[in-house]
């Protein structure tokens, strides 16, 4: 029988970084085949708490309205401006 364990890490970053760069600084892996150019839609994250930038045109193009409403964003397109809690879905 297997169980699930969630590990939570904290890191300090410069205000204004996007979530993908922040994850790289924290040595947290997020898939980004397009190297953070906002083209592939693979760097999916979910904002659980905090203030981040509004969804970009590219995010609105690649993510459904339902996903955006649930807090899902693209790490490469999401700018962090204050203390934020981010979930990285298993597929990212």
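The values are calculated or read from the model by the stated rules, or taken from the named source; none is laboratory data. Just so it is clear, the model here is predicted, and its values are computed rather than measured. Neighbour counts run over all protein chains shown; Cβ positions are idealised from the backbone, glycine included.
Remark: pairs (first residue in segment 58-76, on the phi > 0 side of the Ramachandran plot and without any contact (Cβ under 8 Å) to a residue 60 or more places away in the chain; second residue surrounded by fewer than 13 Cβ atoms within 10 Å (Cβ to Cβ) and outside any helix (DSSP H, G or I); Cβ separation under 9 Å; 6+ apart in sequence or on different chains) = 71/48.
Among the conditions (1) under 26 Å from residue 7 (Cβ atoms); (2) modelled with pLDDT of 95 or more; (3) assigned to a loop (DSSP other than H, G, I, E, B), residue 54 misses just one, which is (1).
When residue 24 is tested against (1) out of contact with any strand residue (DSSP E or B) (no Cβ under 9 Å at 6 or more places or on another chain); (2) surrounded by 14 or more Cβ atoms within 10 Å (Cβ to Cβ); (3) touching a residue at least 24 places away in the same chain (Cβ under 8 Å), just one condition goes unmet, and that condition is (3).
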